[in-house]
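Derivation of every value follows stated rules applied to the coordinates shown; laboratory data play no part. Treat the numbers as computed from the prediction; the structure is a model and nothing was measured. So basically every Cβ, Gly included, is an ideal-geometry build from the backbone, and we count neighbours across all protein chains shown.
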Amino acid sequence: MTKQRDKRLEEMGKKIPLGYPQRKGYVFKYSNDFETSSFPQTFIKRFLDDGYGGFGFFPGSCENLTRYSLYRAIYAAEILDDKALAVEELSRAGYYGYMGVHVSAIGCGFNIEYMPFIEMNLATELFFAPVLMNDWSKADKVAVDLIDSLNAKACIITRGQPDLEAHPLWFILKMYSQLINKPIDARKPFHPKDFEAYDNVIEKWDTDDLVEVEKMSYLLMDMHYEIYRSDKGSRTFLATFPYEVIVWLKLRERKGLANPSSLSHPFMKQKIMQLILTSKERFPPPATLPFASRLFKGLKKEYSTIDIPGDLDLFCDN
């Protein structure tokens, strides 16, 4: 049974270059130039050209751009064997993810008809992306935004989502809240159901027992696969990309704990995993962040007093 499952997982990883459906009749695929490739042309530029803007369009655009950057990073590492390009795409994903949550959370302070909102399961990729590029400053801000939302002090993911697809983000946030000493109010959010397996890991997430870490990581990666393999849209390629395990291991490192020198699960044989887990320094900002300036202009057109965070000035035409 284990051999059959491992073979299935490895075959899943080989499908990355083939592309995945984003909408009916459309395939989410890699091409050399980010900005002119079919995905952002179809789902970002076309709407910007038609005058879409504001917080009704901003969070979803950042979500799509984050996911597309992650796809490109995986492709660059696994298919092109280009480490520098993979780092560039991971850095882009980190910035888009930070924009999608933190800037949108700022919008929660405006008295507007359509509050910024991202479904909790879709916010997962936006949160872990800054962690992948080792940018703890951005990751901490996003964590605070998300926990404030669960605690009914912000709106970006409202008060949570109890179903299975949101479990990875719940898992990450429960550990992260301990690390930054920002509790999740037990009375406010809609807590996840059937969460016992994750709670068991959370109870021991900072153990010194590396054998136990290996066992728990294997369990988490299998659970991750079961969540994502049934997805029919553009998130399918993330079935072999267990970001909640990566974040957990990086949180352990941040706390000064050791991790196993190698993990036996097939997912960990991927080049993208080795790149992320062996990188300790913060990745440099991406050379370009396509569409960021136009997205910010759309916000400022509707909300002239909005204060775009200073760490995004590089990509914001003032």
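Observations, loosely collected:
- Cut-off 18 Å, label 7 Å out along Cα→Cβ of A152, residues of region 167-196 by amide N: 183-192
- Candidate values [x] 29, 24, 18; [y] 38, 26, 16; [z] 45, 25, 16, label of the one derived for semi-axes √(5λ) of the Cα gyration tensor in Å: [x]
- Looking at region 104-187, the GluC sites (Glu not before Pro) that sit in a DSSP loop and have at most 10 other Cβ atoms within 10 Å of their own Cβ are E113.
- Helices meeting the span-like rule in the chain (full DSSP H runs, Cα extent of at least 15 Å along the helix axis, mean Kyte-Doolittle score of 0.0 or higher): 120-132, 136-150, 167-179, 210-228.
- In region 2-315, Cα pairs under 8 Å separated by at least six residues give a relative contact order of 21 percent.
- Loop-located trypsin sites (Lys or Arg not before Pro) in region 234-318, at most 14 other Cβ atoms within 10 Å (DSSP): K255, K280
- Overall, region 229-318 carries a charge dipole of about 400 debye about its Cα centre when +1 sits on the Cβ of Lys and Arg and -1 on the Cβ of Asp and Glu, all other atoms neutral.
- One decimal place: the segment F195-Q274 gains 25.6 nm when fully extended, by the rule 0.36 nm per residue minus the C-alpha distance.
- Checking every one of the GluC sites (Glu not before Pro) in region 220-318 against DSSP loop status and a limit of 15 other Cβ atoms within 10 Å picks out E281.
- Here the extension length gained between D82 and N181 equals 31.8 nm, from 0.36 nm per residue of separation less the Cα-Cα distance.
- Residues C108, C62, sorted so that the one with the fewest Cβ neighbours within 10 Å comes first: C108, C62
- What you get for the chain, charging only the Cβ of Lys and Arg (+1) and of Asp and Glu (-1), is a dipole of about 480 debye around the Cα centre.
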